[in-house]
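Report on the following structure.
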Amino acid sequence: MITLYAADTANSGKIFLALEEMELPYEAVPVDLLRGAQFEPSHLRLNPNAKIPVIVDEDGPGGRRHVVFESGAILLYLAEKTAKFLSSDPVERSTAIQWLMLQMSSVGPMLGQFIHFARFAPSDNQYALARYRAQVLRVVDVLDGQLAQNSWLGGENYSVADIATFPWARALGGILDVDVEKKYKNIWRWTAQITLRPASERADAAKAALASHLIAPEKASPDALDRLFGRGESSK
Ligand SMILES: N[C@@H](CCC(=O)N[C@@H](CS)C(=O)NCC(=O)O)C(=O)O
């Protein structure tokens, strides 16, 4: 059995989708970021970087318990455990890993920073907003270009690269206030395909069930937001 420590976030969504696609039995445990649960000693023992998602696999390598944090590392671990969604062909495997790394190093961080400055920062931050919007638009063009030439990010097969990128890409319209169907038609085709997968529907349902145990972001107090963003009294 695998335990997934998660919240209602895109990075958590990757792991819900992977576990459902791989048909692994799991239990999802909510980590309420707005209550500061990520900073509790029990969570820091799982991830010293105080983030979700984290998985604990009771049946890890050698039959022993294994803890994995960082969503990209979790996806690679699960793909290797199940031999699913990561080709054994060296070229295909390397290509999928490149796109997985692009998600981890660029798509997620740039969108995350853009959302932060657009929704949670004081309004006198035009430089930061313009900087992250430009970075997001650049990498979104890269994704759309790759999907113009390939069915999936890693080439001809659905892989952990798609699983990692989908939860962020599906939210692009709302985040950037653009018509994705018109502007990024290849991303649109690809997100529609993943949305229709039965595992994707199950993952969404599981994440929604977990969200019902968490403080809704719109109900967060200013103190809770300061703790989450490490600002005010919570700044180092
Ligand atoms: N690179 C990490 C990012 C994880 C991350 O930023 N998680 C966020 C939620 S999506 C989090 O735990 N935030 C809590 C905090 O920063 O205190 C991954 O992909 O796992």
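Output the residues belonging to segment 181-205 that are buried (at least 20 other Cβ atoms within 10 Å of the Cβ), touching a Phe, Trp or Tyr at 6+ places or on another chain (Cβ under 7 Å) and of a type outside the set (S, T, N, Q).
Ile194, Ala203
Step by step: first the residues of segment 101-115, then only those that are touching a helix residue (DSSP H, G or I) at 6+ places or on another chain (Cβ under 7 Å) and in contact (Cβ under 8 Å) with a residue 40 or more places away in the chain, then the one that is surrounded by the fewest Cβ atoms within 10 Å (Cβ to Cβ). Which residue is that?
Across segment 101-115, the extreme among qualifying residues is Ile115.
Could you list all residues from segment 76-90 that are in contact (Cβ under 8 Å) with a residue 40 or more places away in the chain and of a type in the set (S, T, N, Q)?
Within segment 76-90, Thr82, Ser87 qualify.
Please go through segment 117-146 and give me each residue that is open to solvent by less than 40 Å² (accessible area, probe 1.4 Å) and either touching a Ser or Thr at 6+ places or on another chain (Cβ under 6 Å) or within 14 Å of the ligand (Cβ to nearest atom) (or both), ordered by number.
Val139
Within segment 92-100, can one find any residue that is within 14 Å of the ligand (Cβ to nearest atom), touching a Phe, Trp or Tyr at 6+ places or on another chain (Cβ under 7 Å) and touching a residue at least 24 places away in the same chain (Cβ under 8 Å)?
Residues of segment 92-100 within 14 Å of the ligand (Cβ to nearest atom): 100.
Then drop every residue that is not touching a Phe, Trp or Tyr at 6+ places or on another chain (Cβ under 7 Å), which leaves none.
Scanning segment 92-100 turns up no residue that is within 14 Å of the ligand (Cβ to nearest atom), touching a Phe, Trp or Tyr at 6+ places or on another chain (Cβ under 7 Å) and touching a residue at least 24 places away in the same chain (Cβ under 8 Å).
Could you please give the count of residues in segment 153-168 that are touching a residue at least 60 places away in the same chain (Cβ under 8 Å) and farther than 18 Å from Ala83 by Cα?
Qualifying residue count for the region: 4.
Listed here are the residues, each with its yes/no results for (1) small (Gly, Ala, Ser); (2) farther than 24 Å from Tyr158 by Cβ.
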site: Gly62; (1), (2): yes, yes
site: Ala83; (1), (2): yes, no
site: Ala96; (1), (2): yes, no
site: Ser123; (1), (2): yes, yes
site: Leu129; (1), (2): no, yes
site: Tyr132; (1), (2): no, yes
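The values are calculated or read from the model by the stated rules, or taken from the named source; none is laboratory data. No experiment lies behind these values; they were computed from the predicted model shown. Note that each Cβ is placed from the backbone with ideal geometry, even for glycine, and that neighbours are counted across all protein chains shown. These accessible areas exclude ligands, DNA and RNA; they are computed on the full protein's heavy atoms, side chains included. Shrake-Rupley method; radii C 1.70, N 1.55, O 1.52, S 1.80 Å.
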